[in-house]
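The values are calculated or read from the model by the stated rules, or taken from the named source; none is laboratory data. Nothing here was measured: the structure is a model prediction, and the numbers come from that model. Backbone-built Cβ (ideal geometry, glycine too); neighbour counts: all protein chains shown. Note: accessible area is taken over every heavy atom of the protein model, side chains too, but ligands, DNA and RNA are not part of it. Shrake-Rupley method; radii C 1.70, N 1.55, O 1.52, S 1.80 Å.
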Amino acid sequence: IVPIVMAGVLGIYGLIVSVIICQAILPPNGDTTTQYSLYNGYAHLAAGLCCGLSCLAAGGTIGVIGEVGVKAFGLKASGGKRAWATGEGANPDDAGDLGGAGRDAVSAEEANKLYVGLLIMLIFSEALALYGLIVALILSQHSYICGK
C-alpha cells in the first residue's frame, strides 16, 4: 500500500503547481491587450513540464520498486517456492524451487529488513519528484507584466 500512497502524492504535486500557475495568469484588458507576457507563458510551461516529467520518472521508479518488492517478499515468504510466479497451481510440491527447498517461511525480522530496504528505495525515488516540485515552484515565481 505504500507505493500506491506515494504515487498518489505525485498527483498532489502536480495539483499544487497547477493551482499556483492558474493564480498567476492575468486576464486581458478591456482594450484587447494582455498583461500575460510571453515570458510568463514560457516560465509556466517550464514549471509544468519540470514537475510533470520529474513526477513521471518518480512514478516509474515507484512502480518498479513496488513490483519487485512484492515479488521478493512473496518469494521470501514462500521459502523459495515460486508457485505464484509459474502459475502451476495450489500444490506447493509442483512449484519450481529456487534453492530454498528445506527452508521455512520468512521470519518477522527478515521481513522487516526487506520492508525497510524497500521503503528507503521508495523514499529516494519520491525525492525525484520533490526536487521537480521545488524547481517548478521557483520557476513559477518569476514574472514579467506587460505595460509596466
Return the pairs, sorted by first residue and then second, in which the second residue is open to solvent by 90 Å² or more (accessible area, probe 1.4 Å) and among the hydrophobic types (A, V, I, L, M, F, W, C), the first residue lies in region 120-148 and is under 25 Å from residue 38 (Cβ atoms), the beta carbons are less than 8 Å apart, and the residues are 6+ apart or on different chains.
132/53
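From the list 148, 81, which residue is open to solvent by less than 80 Å² (accessible area, probe 1.4 Å), at pLDDT below 70, farther than 21 Å from residue 3 by Cα and among the charged types (D, E, K, R)? Reasoning before the result, please.
Values: 148 fails: open to solvent by less than 80 Å² (accessible area, probe 1.4 Å).
Criteria check complete, one pass: 81.
To keep it simple, each residue is scored yes or no on (1) surrounded by 12 or more Cβ atoms within 10 Å (Cβ to Cβ); (2) among the aromatic types (Phe, Trp, Tyr); (3) part of a helix (DSSP H, G or I).
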{"site": "15", "(1), (2), (3)": "no, no, yes"}
{"site": "18", "(1), (2), (3)": "yes, no, yes"}
{"site": "21", "(1), (2), (3)": "yes, no, yes"}
{"site": "26", "(1), (2), (3)": "yes, no, no"}
{"site": "39", "(1), (2), (3)": "yes, yes, yes"}
{"site": "44", "(1), (2), (3)": "yes, no, yes"}
{"site": "48", "(1), (2), (3)": "yes, no, yes"}
{"site": "54", "(1), (2), (3)": "yes, no, yes"}
{"site": "66", "(1), (2), (3)": "yes, no, yes"}
Looking across region 7-39 at residues that are touching a helix residue (DSSP H, G or I) at 6+ places or on another chain (Cβ under 7 Å) and modelled with pLDDT under 90, the single one that is nearest to residue 126 (Cα to Cα) is 7
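Within region 133-140, is even one residue open to solvent by less than 50 Å² (accessible area, probe 1.4 Å), in a helix (DSSP H, G or I) and at pLDDT below 90? Working first, answer last.
Of region 133-140, the ones open to solvent by less than 50 Å² (accessible area, probe 1.4 Å) are 133, 136, 140.
Then keep just the ones that are in a helix (DSSP H, G or I); that gives 133, 136, 140.
Checking the rest, the ones that are also at pLDDT below 90 come to none.
Checked against the condition, which is being open to solvent by less than 50 Å² (accessible area, probe 1.4 Å), in a helix (DSSP H, G or I) and at pLDDT below 90, region 133-140 yields no hits at all.
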